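Structure first, commentary second.
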Amino acid sequence: MLIRSFPAGAFGTNCYAIAAGPRSECVVVDPGMDAVEPLAQLLSDEGLKPVAVVLTHGHLDHTFSVLPVCEGYDIPAWLHPEDLGMISDPVAWHGPALAPLAQGVALPDPAEVRALEDGALLSLAGVDLTVRHAPGHTRGSVVFSLDLDESPGLIAGDVLFAGSVGRVDLPGGSWESMLGSLRDVVLPLDDATVVLPGHGPATTIGRERATNPYLAEAAGAPKGRGL
């Protein structure tokens with residue numbers, strides 16, 4: 001498995017290119033702000049050809065460049081249906097402080113975005129991604145499980161970071177739902193699972209289970225909470 005990434009834009013959103021091996025087809029994850037040129041350079045350097053864009057959720061710092069990337073390479077984008085509103089009306093879903101970022105941004109027609117469904121297996125560019133709906137940061141947040149050859153992996157978006165979790169104070173966010181996602185989706189994963197987050201450095205489930213206070217809170221959350 002080949003994974004390359006770079007932090008895009010002012011928010012430092014991790015944009016990933018994932019391929020079964022070198023100089024092959026790949027999947028692009030979360031092309032955020034100012035991602036078009038560095039992504040093109042990465043793809044050229046690695047000899048990769050993108051076949052799809054998959055989005056962990058609908059916030060602009062993860063979707064800002066999805067339209068030019070999809071149009072430039074003539075490839076589809078995938079997003080959970082619960083976050084399609086962020087594509088159709090980004091101003092309403094990003095709060096007043098972030099609304100200026102949404103003014104005039106070009107995003108795809110929601111009707112042209114393919115739906116990610118909980119439990120689905122996406123086989124793209126020789127990479128198998130298992131989709132898990134993990135609301136809390138947004139209503140349509142998802143994580144993707146994959147095999148990294150030597151260990152399991154998790155593309156976590158803004159559900160889980162090294163030492164923290166995603167914010168829940170923007171429209172569509174919910175701490176109750178986040179606790180449920182951490183408890184039911186993240187905590188059952190093997191400790192060896194390598195976490196590739198939406199921001200910041202990679203980590204492991206074992207490290208976060210031992211040190212992340214939010215996972216500790218989620219572990220004690222009663223069943224039914226966050227549903």
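The values are calculated or read from the model by the stated rules, or taken from the named source; none is laboratory data. Keep in mind that what you see is a predicted model, and the values were worked out from it rather than measured. All Cβ positions, glycine included, derive from the backbone under ideal geometry; neighbour counts span all protein chains shown. Areas reflect the complete protein model, heavy atoms only, side chains present, ligands, DNA and RNA absent. Shrake-Rupley method; radii C 1.70, N 1.55, O 1.52, S 1.80 Å.
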Practice item. Might you work out the accessible area of Glu112 for me, using a 1.4 Å probe with all protein chains in place, and round it to the nearest 10 Å²? Key: 130
Point to revise | Cα centroid of segment 180-218 to Cα centroid of segment 134-151, whole Å | key: 11
Exercise for review: Please give the FRET efficiency for Leu148 paired with Gln103, using the beta carbon to beta carbon distance and R0 = 30 Å, rounded to the nearest 0.05.
Suggested key: 0.15
Check your understanding: If ligands, DNA and RNA are left out, what is the accessible area of Thr203 with a 1.4 Å probe, given in Å² to the nearest 10?
Key -> 0
Exercise for review: Can you tell me the FRET efficiency between Lys223 and Arg114 if r is taken as the Cβ-Cβ distance and R0 is 30 Å, rounded to the nearest 0.05?
Suggested key: 0.40
Review point. Around Pro90, with a cut-off of 12 angstrom between Cβ atoms, what is the net charge of the other residues, counting Lys and Arg +1 and Asp and Glu -1?
Key: -3
Exercise for review: When you have a sec, figure out the Kirkwood radius of the chain from all distinct Cα pair distances and drop it here in Å to one decimal?
Suggested key: 17.4
Review point. So for Tyr73, Tyr16, what's the accessible-area order with a 1.4 Å probe, most first?
Key: Tyr73, Tyr16
Study note, to complete from the structure: Length-normalised contact order of segment 61-149, Cα under 8 Å, at least 6 apart, in percent, tallies to 26
Exercise for review: With both partners inside the chain, how many of the DSSP beta bridges are antiparallel, as a percent to the nearest 5?
Suggested key: 70
